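Taking it in order: structure first as structure tokens, then the write-up.
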Amino acid sequence: MINNISSYFVAEKQESVIFVAVGLLALGISVWLWMNGHRLKSMAYPLVVIGLMQMVVGGTVYLRTDSQVSTLNAQLQLNPSVLKAEETTRMQTVMKNFSIYKGIEMLLLIIGVGMIAFLQRHDLAAGIGVGLVLQAAFTLTLDLFAEARGADYLSAVQSIAI
């Protein structure tokens, strides 16, 4: 089980670095778009809003992961039944939240595609649409990987023999 904990949280930490990096990249692109007066500079709105959320979530996960792993490893040694109960409850909540996140991300993706398709002659709307598509598609992709990882980890936690 120690290997399951380690591999799950190492991957979570790696993905959190990707989230922070993409958030920073989105901010950088947004600054460039505005400074250069690009006709689709309005794509900066979703890039900045979602990029800031990516940076906060990624930074939070990154900073808490090491202590979380230490706590779980100690709990596994001292009281595996408590770890199983608490981590099962926590991960079930995490897995339910993925359904919510995916729904929101798919909705943003559909809205973005719709804005591009139906409002492409309006620079403001088309730019926002492009920004939504980029951010929603990227975030959805990473969340699909995280959800699969979470399902495997939850299964491993639930299989702890008490």
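The values are calculated or read from the model by the stated rules, or taken from the named source; none is laboratory data. Predicted model, so just to flag it, every value in this text is computed and none were measured. Note that each Cβ is placed from the backbone with ideal geometry, even for glycine, and that neighbours are counted across all protein chains shown. SASA here: full protein model, heavy atoms, side chains in, ligands and nucleic acids out. Shrake-Rupley method; radii C 1.70, N 1.55, O 1.52, S 1.80 Å.
Can you tell me which of Ser70, Ser42, Ser6, Ser30 is within 22 Å of Val94 (Cα to Cα), in a helix (DSSP H, G or I) and modelled with pLDDT of 95 or more?
Values: Ser42 fails: within 22 Å of Val94 (Cα to Cα); Ser6 fails: modelled with pLDDT of 95 or more; Ser30 fails: within 22 Å of Val94 (Cα to Cα).
Residue meeting the stated conditions: Ser70.
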### Query
Give me the pairs: first residue in the range 37-53 and open to solvent by 50 Å² or more (accessible area, probe 1.4 Å), second residue among the small types (Gly, Ala, Ser), beta-carbon distance under 8 Å, and six or more apart or on different chains, which are they?
Arg39/Gly127; Lys41/Gly127; Tyr45/Gly127; Tyr45/Gly131; Leu52/Gly23; Met53/Gly23
### Message
Taking the conditions exactly as written (in contact (Cβ under 8 Å) with a residue 24 or more places away in the chain and either on the phi < 0 side of the Ramachandran plot or not in a helix (DSSP H, G or I) (or both)), does Ile104 satisfy them or not?
### Response
no
### Message
Quick check on Glu15: is it within 19 Å of the chain's Cα centre (by Cα), crowded, with 16+ Cβ neighbours inside 10 Å and among the acidic types (Asp, Glu)?
### Response
yes
### Summary
If we keep only residues of the range 130-149 that are in contact (Cβ under 8 Å) with a residue 60 or more places away in the chain and small (Gly, Ala, Ser), then the residue surrounded by the fewest Cβ atoms within 10 Å (Cβ to Cβ) is Ala146
